[in-house]
1. Which one is surrounded by the most Cβ atoms within 10 Å (Cβ to Cβ), of the residues in the stretch A:344-366 that are in contact with a helix residue (DSSP H, G or I) (Cβ under 8 Å, 6 or more places away or on another chain) and outside any loop (DSSP other than H, G, I, E, B)?
2. Only residues that are in a loop (DSSP other than H, G, I, E, B) and among the aromatic types (Phe, Trp, Tyr): list them for the stretch A:293-313, please.
3. Would you mind finding the one in A:294, A:342 that is touching a Pro at 6+ places or on another chain (Cβ under 8 Å) and in the same structural domain as residue A:261 (by TED's automatic domain parsing)?
4. Those residues that are surrounded by fewer than 24 Cβ atoms within 10 Å (Cβ to Cβ) and among the acidic types (Asp, Glu), I need them from the stretch A:149-183; list them, please.
5. Please verify whether the stretch A:66-78 includes one or more residues that are part of a loop (DSSP other than H, G, I, E, B), away from every other protein chain (no Cβ under 14 Å), in contact (Cβ under 8 Å) with a residue 40 or more places away in the chain and touching a Pro at 6+ places or on another chain (Cβ under 6 Å).
6. Return the pairs, sorted by first residue and then second, in which the second residue is modelled with pLDDT under 95 and among the hydrophobic types (A, V, I, L, M, F, W, C), the first residue lies in the stretch A:246-269 and is over 24 Å from residue A:285 (Cβ atoms), the beta carbons are less than 6 Å apart, and the residues are 6+ apart or on different chains.
7. Of all residues being of a type in the set (S, T, N, Q) and closer than 25 Å to residue B:23 by Cα in the stretch B:38-93, which is surrounded by the fewest Cβ atoms within 10 Å (Cβ to Cβ)? Just the residue, please.
8. Step by step: first the residues of the stretch A:207-228, then only those that are surrounded by 15 or more Cβ atoms within 10 Å (Cβ to Cβ) and polar (S, T, N, Q), then the one that is farthest from the chain's Cα centre (by Cα). Which residue is that?
Amino acid sequence: MAKSKMIPFTGDQAVAYAMKQIEPDVVAAYPITPQTEIVMNFSNYVANGQVQTEMIPVESEHSAMSACVGAAAAGARTMTATSANGLALMWEIVYIAASTRLPMVMPVVNRALSGPINIHCDHSDTMGARDSGWIQIYCENAQEVYENTILAVRIAEHKKILLPVMVCQDGFITSHGVEGVALLDDKKVKDFIGEYNIENPLLDVDNPVTYGPLDLQDYYFEHKRQQSEAMKNALIAIPEVLNEFEKTFGTKYEFIEKYKLDDAEVAIVAMSSTAGTVKFVVDELRQKGIKAGLLRPRIFRPFPKEKIVQALKNIKAVAILDRSESFSAEGGPLYTEIKSGLYDSDIKPLVTNYIYGLGGRDIFPEDIKKVYKDLEEILSKKKVINPLNYLGSRE
Amino acid sequence: MAEKKKSWKEIPIGGKITEAGNAEQYKTGSWRTFRPEKNEKKCINCLFCWIYCPDSSIKVKDSKMDGFDYEHCKGCGICASICPVKCIDMVKE
């Protein structure tokens with residue numbers, strides 16, 4: 001194991017530490033709860049001279065992302081971080097970063113989008129940005145956030161990908177909860193991420209290029225097509241980076257995590273920190289002889305359809321937990337995407353959806369047990385009676 | 001104007017333009033409804049038209065007005081409007 005020591009870190013501190021080790025050329029960021037501690041801690045590293053990063057304190061998130069686009073186009077390894085309304089304010093430029101194919105990394109601390117105003121965890125912010133063209137990684141705990149922030153640099157900069165990456169963690173639950181985080185060796189991190197070399201940087205004055213020109217009916221579509229192909233490439237190229245990470249640091253990350261799933265009859269699909277609670281309940285149920293399992297999608301963009309369908313093929317009844325509402329009147333985003341993925345599959349489990357935890361509403365083991373109980377009932381009736389459920393909302 | 005357009009595989013990613021000054025290759029002359037024409041006798045070569053033309057479509061040779069670049073002139077008529085001796089007429093294409 002290359003991990004040197006275990007440090008008590010919050011998720012935010014873990015991200016800031018990863019950023020210190022990455023030492024991007026430019027960080028332009030605006031503080032917002034619950035991401036503030038990332039910017040605060042990283043600013044300390046800058047002020048203390050521990051990193052040479054150019055830190056740009058901007059006046060808004062729109063400016064933060066704009067500065068990042070400029071810096072990345074200039075040829076700088078670039079990072080920012082945000083949450084909720086900050087991401088919403090960035091919106092216009094979030095799309096521009098992806099469509100300009102600028103490989104920056106943005107840790108996002110998931111928080112409910114207003115309104116009504118709320119500072120606690122749900123996934124409405126990044127789920128809203130799911131079609132912005134960014135790669136999205138959802139992390140369960142501080143260790144994963146830490147390592148995936150480093151991984152994300154390589155994913156973003158992969159020659160076959162060249163897309164920006166969001167590294168998501170649950171607001172307060174992960175971002176402010178203190179956990180032991182095993183740190184990686186500084187030099188090994190530097191070696192792993194390597195030097196940043198972008199093609200056609202703006203600062204190469206001998207080879208002048210134009211970024212962001214008008215692109216009308218004749219070529220816009222082709223540039224969008226390139227983005228689609230880059231996301232498809234990401235499905236193939238990301239495992240290369242994950243394998244190299246495993247070889248270097250010993251931790252194996254995949255598109256999805258399966259927990260006691262292979263022989264399971266009933267399963268929950270959940271992302272981020274809730275997966276920890278589900279694992280606890282799965283262990284309890286297994287002791288009682290109930291064949292319960294968990295599937296945790298780690299990477300939501302690109303959507304690993306094949307892997308998810310394959311993982312669910314022996315499951316009889318599946319509950320998909322969404323920590324955001326898409327207001328499609330057809331359930332949350334994870335549910336609709338998985339269900340659409342299963343359309344191509346020969347074996348179709350009974351599938352149900354639970355919207356939960358909006359605005360930081362706690363999710364307890366008792367709630368998860370209720371879901372498994374519902375699944376048992378679905379299994380016995382061989383039919384889904386309520387496909388759309390609101391777990392933890394008062395009736 | 002009917003040049004063969006490139007596929008998504010043949011163009012730089014992200015909408016970048018990697019060749020300097022290639023806007024010249026983008027011919028916009030066909031957008032024109034009215035064409036500027038110069039009355040040589042009236043022209044005093046003040047070059048106001050050259051200063052005001054938003055599309056750099058006034059040709060200049062030896063410090064003198066040398067006609068129009070009809071491949072890029074969009075026929076906006078600013079030259080005709082600004083000309084102090086009214087030597088430019090806008091003629092329907």
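The values are calculated or read from the model by the stated rules, or taken from the named source; none is laboratory data. Treat the numbers as computed from the prediction; the structure is a model and nothing was measured. Neighbour counts run over all protein chains shown; Cβ positions are idealised from the backbone, glycine included.
1. Among residues in the stretch A:344-366 that are in contact with a helix residue (DSSP H, G or I) (Cβ under 8 Å, 6 or more places away or on another chain) and outside any loop (DSSP other than H, G, I, E, B), the one surrounded by the most Cβ atoms within 10 Å (Cβ to Cβ) is A:354.
2. The one that is in a loop (DSSP other than H, G, I, E, B) and among the aromatic types (Phe, Trp, Tyr): A:303.
3. A:342
4. A:157, A:179, listed by residue number.
5. Among the residues of the stretch A:66-78, at least one is part of a loop (DSSP other than H, G, I, E, B), away from every other protein chain (no Cβ under 14 Å), in contact (Cβ under 8 Å) with a residue 40 or more places away in the chain and touching a Pro at 6+ places or on another chain (Cβ under 6 Å), which makes the answer yes.
6. A:249/A:2; A:250/A:1
7. Only one residue tops the list, namely B:63.
8. Across the stretch A:207-228, the extreme among qualifying residues is A:210.
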